[in-house]
Amino acid sequence: MSPTGSSAPLQGSHMTATHPASSAPYTGDARDTRVRRPLRAPDPELHTVTTSDGVELRLTHYAGGHRGPVLLTHGLGVSSRIFSLDTIRTNVLEYLCAHGFDVWLLDYRVSIELPSSARQWTADDVATKDYPAAVDAVRAATGKRAIHALVHCYGSTTFCMAMLAGLEGIASAVCSQISTHVIVPWTTRAKVHTRMADMLRLAQLGALTARVDGYEGALGPLKRTYDQSLRLIPFPAEERCDSAVCRRVSFMYGRLYQHDQLDVATHATLHELFGVASTTALEHLATIIRHGRVVAADGEDRYVPRLERMGIPLTFIHGERNVCFLPASTAATVAALSAVHGPERFERHVVPNYGHIDCIFGKNAAVMCSRTSSRISTRRRRSDGGGRALACLSCGRRWVRAARRASASGTARQRCG
């Protein structure tokens, strides 16, 4: 397995191969000397996709087989590394490749591994510019009329916005944790209604970051005070830890995982996985939360009225203990879509004892989530004219059963930090 990968050119509009591999060692901190295991995946092929407004995105291609192709997209304040984390036994990328899928990891404009993440963007930018460019590039490179998608969190929100804006070339998708409708805990609503993102912008803070880069320099005392103050956030005893990165993540987004679902090694690498999120992106998310559904950054209701455009087979995965976006969120989406298209094309699975992103890289989700998200079986549907569609219906049930067995077996609770 090459740590850097190849850069063989692919045929496709506005696509070149110039960026380093997403599986390359993390280089954000020179003090980091962690030894990483090689990924059990083909050598990556790395490609740059240029959007209609000139922003460079990164596609990392793992030719795991002829099933698919499958496009994987991450959330806000992270990168595609969440799918290829080496601290768990089997990550989503490895499982997909082992089961013969042609995998494409997308780092879009808010990815913390791209320079563009330092600039101000809205979810509208991702939905109307990044997704069309990336989907067209994968279709051109593979010669497929339609591709499949596995989308997580902000990547799922913006994917659904893209579909509602008229995105074409998607055969089916698995949506993790959120979609078109948003229901959050009262604590999140309180932050939203205090207009915290607006205050950050007025204070000329262009972004928040989860990374702790030391307390040296003129801003050192302020950073230290900030991190100490986050200790005052009331968390359940089992969710408290000594990681400043962990507390910043929880402050920015709400609690994204159950600590007992993370390996100690994964918790220790949170600084590799989480980084900057622009105040403009956070402000747009706050607007969406206030409306309870996806809307444009200016509040215009231009997406949900077009639910007829989301008639593809969709599977929704939601952690039972997700306190970032409550499980009722995807239930509302399925109800709204079923009212338009009927229920046959949609399935929803709530995973016991899991939160939000631990469904992607939790210690047991390394197998269970991979099976659900990546044992995506192809099946024929009469509704799409006999074309191939991606579905994870039976494996979704298998994931839920596995999660229940893991809980019933008395798996030891594991404090991190």
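Values in this text are rule-based calculations from the coordinates and carry no lab data. Every value quoted in this text rests on a predicted model; they were computed, and no experiment measured them.
Using a cut-off of 28 Å between alpha-carbon atoms, which lysines can reach Lys223, once sequence neighbours fewer than 8 places away in the same chain are excluded? By straight Cα distance, Lys223 reaches Lys191.
Counting only residues at least eight positions apart within a chain, or on another chain, the lysines with an alpha carbon under 30 Å from that of Lys144 are Lys129.
The base-10 log of I(q)/I(0) for the stretch 49-162, evaluated at q = 0.12, 0.16, 0.20 Å⁻¹, reads -0.38, -0.68, -1.06 [Debye formula, identical scatterers on Cα atoms, solvent excluded].
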